[in-house]
Every structure is written in C-alpha cells, then in structure tokens.
1. So which of K122, K61 ends up being touching a helix residue (DSSP H, G or I) at 6+ places or on another chain (Cβ under 7 Å), in a helix (DSSP H, G or I) and not hydroxyl-bearing (S, T, Y)?
2. Whether any residue in segment 1-22 is more than 24 Å from T133 (Cβ to Cβ), among the hydrophobic types (A, V, I, L, M, F, W, C) and not in a strand (DSSP E or B) is what I want to check.
3. Could you give me the residue pairs with C-beta distances under 8 Å whose first residue belongs to segment 51-69 and is on the phi > 0 side of the Ramachandran plot, whose second residue is surrounded by 14 or more Cβ atoms within 10 Å (Cβ to Cβ) and not in a strand (DSSP E or B) wherever it lies, and which are 6+ apart or on separate chains?
4. What are the residues in segment 102-118 that are in contact (Cβ under 8 Å) with a residue 40 or more places away in the chain and not hydrophobic (A, V, I, L, M, F, W, C), if any?
5. Residue check: is I43 within 12 Å of L125 (Cα to Cα) and either in the same structural domain as Y127 (by TED's automatic domain parsing) or not charged (D, E, K, R) (or both)?
6. With G94, G51 as the choices, which residue is modelled with pLDDT of 95 or more and either surrounded by 14 or more Cβ atoms within 10 Å (Cβ to Cβ) or not assigned by TED's automatic domain parsing to the domain that holds K122 (or both)?
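The values are calculated or read from the model by the stated rules, or taken from the named source; none is laboratory data. In this text the structure is predicted, and so the values were computed from the model without any measurement. A quick note on method: Cβ atoms are made from the backbone with ideal geometry, for glycine too, and the neighbour counts reach across all protein chains shown.
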Amino acid sequence: MKQLIKALNDANKEIEGVEKNAQIKFGNTNYKAVSDKDVKINIGRVFTKHGLVILPTNIQKNVEILTEKDNYGKEKTVFVTDVLVTYTMYHTSGESLQFQGYGQAIDTGDKGAGKACTYALKYALLYASLAPTGNIEDTDLTHSDAIKVKNTFLDKIQSCKTIEELTFLYKNSKDAANYKEKFSLKRKELETINFDEI
C-alpha cells in the first residue's frame, strides 16, 4: 500500500482549505457551512491528479419515521435517515484502502437518503484529506472549560412568545417535563395549560 499512501500524502499537501461559503437557513436556524460542490471540486481535482479514486462500496441505512405537528397544529411526517457508508479509495497502482463516513438527514419526502449520503461523503473527504474548513474554530483557541454550554431546550422555551408556541414545543420535546416551571411566560398564562394533557 506504499504507493497509495504516498499519493494520498502528496495530494494532501496540495489541498487547500475549503471556505464555509454556503448559507444554511431554515426556521430559526441560520449558519454557514462548507458546500458539497466546493469539497468535491477542491479535493476531487487533487485526488484525480495523484491517481486516487473513491467509490462507495457499502451503505448501511436506517430510517426512522416521525409524525409531528407544525406551528399550525397540522400533522406532518418526517423521515430521519442515518447512513454509514464504507468507501474504498483506489490508486492507479491497484492498491486500495477502506474508510467510512456517517451522515444523517431529516426530510419530509424521499430525499433523506441522498442528503445523508452527500453529508457522509463530504465529511469523509474532508477527514481523509485533512482539509481545513473556514476560520480557526473556537476549540483551537479556547479551552473547553472556558466555553459556556447552552441548554438549547431551555433557550427554546424562553423564546416562546405565545401559548401556542409553548404548547407545540412541549408536545414535541422529550425534555419538556423537566422544565415546565421555567417557562418564560406569565404565571397566569401558565395556569391555562394542563401539562398532564399535553
């Protein structure tokens, strides 16, 4: 496997960082990410130059079907797809090695498997090539003990402005029972909700 490892090492020396140019927005979520296209162009170009090809050779898939209510109380079906993909990296010498990538996607239709496989390949390529992404992260500059961990569920509760939002959140969260005394609504409004029936 000497030739493959040398080719991978040479390729990794040439691979440049991949910027977080994709803006992801849905609901209250808004963040920057590395696009699938940028990863494939940046890494794929250099791998090809050094005689490296990557193919998926095994996919283990698990789909969980969930039913939840939207903000208007209408039920919708959501598919949570997890994939563990085994990739084989081939070199023009005939040598090969295997590695894995994991991906998860949530979709209301039939696109979950494709999204999960895209995610798995994107991060498998990034880790195989050790390509840096975006700016240096806080974890490189700050000790983990100095980073305040947010309680995301409590944050969601405190952002609720109406009984409807609170009820929706309570119905759709496993952690809700632990926090019903911490809702950021007036006590009078809280008394109108029968938590045992939600």
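1. None of the other options fit; the residue is K122.
2. The answer is yes; a qualifying residue exists.
3. So the pair list comes out as G51/A7.
4. G112, T118
5. Numbers: within 12 Å of L125 (Cα to Cα): yes; either in the same structural domain as Y127 (by TED's automatic domain parsing) or not charged (D, E, K, R) (or both): yes.
Judged against the criteria, I43 is a match.
6. Only one candidate qualifies: G51.
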